[in-house]
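To start, the structure under review is shown below, and the notes come after it.
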Amino acid sequence: MAFQCPVNSPFDCLLLDLDDTLYPGGTGIGPALKRNIDEFLVARFGLAADRAAALRIELFRSHGSTLAGLIALGHDVHPDEYHSYVHGRLPYDKIAADPRLAALLQSIPQRKILFTNSDRAHMKRALERLGVDEACFDGVVCFETMNPHLFGEVNGDDDAVADRTVVVLKPSVDAIVAGLRAAGTNPRRTVTIC
């Protein structure tokens, strides 16, 4: 039976998260990511494994992510270095193709914005494994689009993130604003699914 989207929907746009939303949380990606972060901290900073795990948790709680915490504390870690290590070694083969998800996304008439804290390379690999074409989304908001200042790009209207020690991630106000800008719709008629 095909999904039928209501014609008189109160929503014009969906902001859809990727990780643990478009693919199930039980894939093992989450635990592998934590392990990769711990290994990055051990390799990059020479920490013992137990200290690396404790630091990962501490930085997540205090800064929203390990990378955000490392940057805020003044460590010279480029996002590409970090993401290539922690995402580049994930077991993507655990994400199964989901033709029903692809069909469902195609059937939704509202604008669809993929809204993820992950980097673009991870997003592309996960979508590829799911069998979902990025073109079914009307836009993408990912780590790079929320943090152009970390890649040497500065937008004149983004004074709040001009500081190179600030990493913008959901659920911060700056991240939500980036998602809503990409949606280009009335925020009261936009729903976030995460």
> Contour minus end-to-end for Gln106 and Ser84, with contour as 0.36 nm per residue of separation and end-to-end as the Cα-Cα distance?
Replying inline: 4.9 nm
> Roughly how many nanometres apart are two label points built 7 Å out from the Cα toward the Cβ at Arg188 and Glu39?
Replying inline: 5.0 nm
> In sequence order, what are the phi-derived ³J(HN,Hα) couplings for the stretch 184-194 according to the Karplus relation 6.51 cos²θ - 1.76 cosθ + 1.60 with θ = phi - 60°, rounded to whole Hz, with x for glycine and proline?
Replying inline: x, 10, 5, x, 6, 10, 10, 10, 9, 10, 9
> Cβ under 15 Å from Lys124's Cβ, Lys124 left aside: what net charge do those residues give with Lys, Arg +1 and Asp, Glu -1?
Replying inline: -4
> Hey, how much of the P(r) for the stretch 46-134 falls beyond 24 Å, as a percent of Cα pairs?
Replying inline: 37 percent
>> At a 10 angstrom cut-off on C-beta neighbours, averaged per residue, how do the peptides 125-134, 11-20, 138-147 rank from highest to lowest?
In response: 138-147, 11-20, 125-134
> Once phi is turned into ³J(HN,Hα) by the Karplus curve 6.51 cos²θ - 1.76 cosθ + 1.60 with θ = phi - 60°, what whole-Hz value does each residue of the stretch 10-21 show in order, with x for glycine and proline?
Replying inline: x, 10, 9, 8, 10, 9, 10, 6, 9, 5, 6, 10
>> Per residue, how large is the accessible surface of the chain? Use a 1.4 angstrom probe and give square angstrom.
In response: 53 Å²
> Quick one: if you stick a label point 7 Å off each Cα along the C-beta vector at Glu153 and His75, how many nm between them?
Replying inline: 2.6 nm
> Expressed as a rounded percentage, what relative contact order does the chain have, with Cα pairs under 8 Å and six or more residues apart?
Replying inline: 32 percent
> Packing-wise, with mean Cβ within 10 Å as the measure, how do 111-124, 40-53 rank, highest first?
Replying inline: 111-124, 40-53
> With Cβ to Cβ distances under 13 Å as the rule, what net charge do the other residues near Ala183 carry (K, R +1; D, E -1)?
Replying inline: +3
>> Show me, for the stretch 84-93, the HN-Hα J-couplings you get by feeding each phi into the Karplus relation (A = 6.51, B = -1.76, C = 1.60, θ = phi - 60°), rounded to Hz, glycine and proline as x.
In response: 5, 6, 7, 8, x, 10, 6, x, 4, 4
> At a Förster distance of 35 Å, what's the computed FRET efficiency of Asp50 paired with Glu134, Cβ-Cβ distance as r, to 0.05?
Replying inline: 0.35
> Using the alpha-carbon atoms, what tilt in degrees (0 to 90, nearest 10) does helix 49-63 show relative to the longest principal axis of the chain?
Replying inline: 50 degrees
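Please give me the summed charge of the neighbours of Phe151: other residues whose Cβ is under 9 Å from its Cβ, Lys and Arg +1, Asp and Glu -1.
Result for the neighbourhood of Phe151: -3.
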>> When 1/r is averaged over all different Cα pairs and the result inverted, which Kirkwood radius in Å belongs to the chain?
In response: 17.9 Å
>> Starting from 0.36 nm per residue, how many nanometres of slack lie between Glu58 and Arg125 once their C-alpha separation is accounted for?
In response: 21.3 nm
> Between Leu16 and residues 5 or more places away or on another chain, which pairs have amide H atoms under 5 Å apart, with H built 1.01 Å from N, and which residues are they?
Replying inline: Ile113, Leu114, Phe115, Ile193
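The values are calculated or read from the model by the stated rules, or taken from the named source; none is laboratory data. Nothing here was measured: the structure is a model prediction, and the numbers come from that model. Note that each Cβ is placed from the backbone with ideal geometry, even for glycine, and that neighbours are counted across all protein chains shown. Accessible surface is based on the protein model in full, side chains and every heavy atom, while ligands, DNA and RNA are left aside. Shrake-Rupley method; radii C 1.70, N 1.55, O 1.52, S 1.80 Å.
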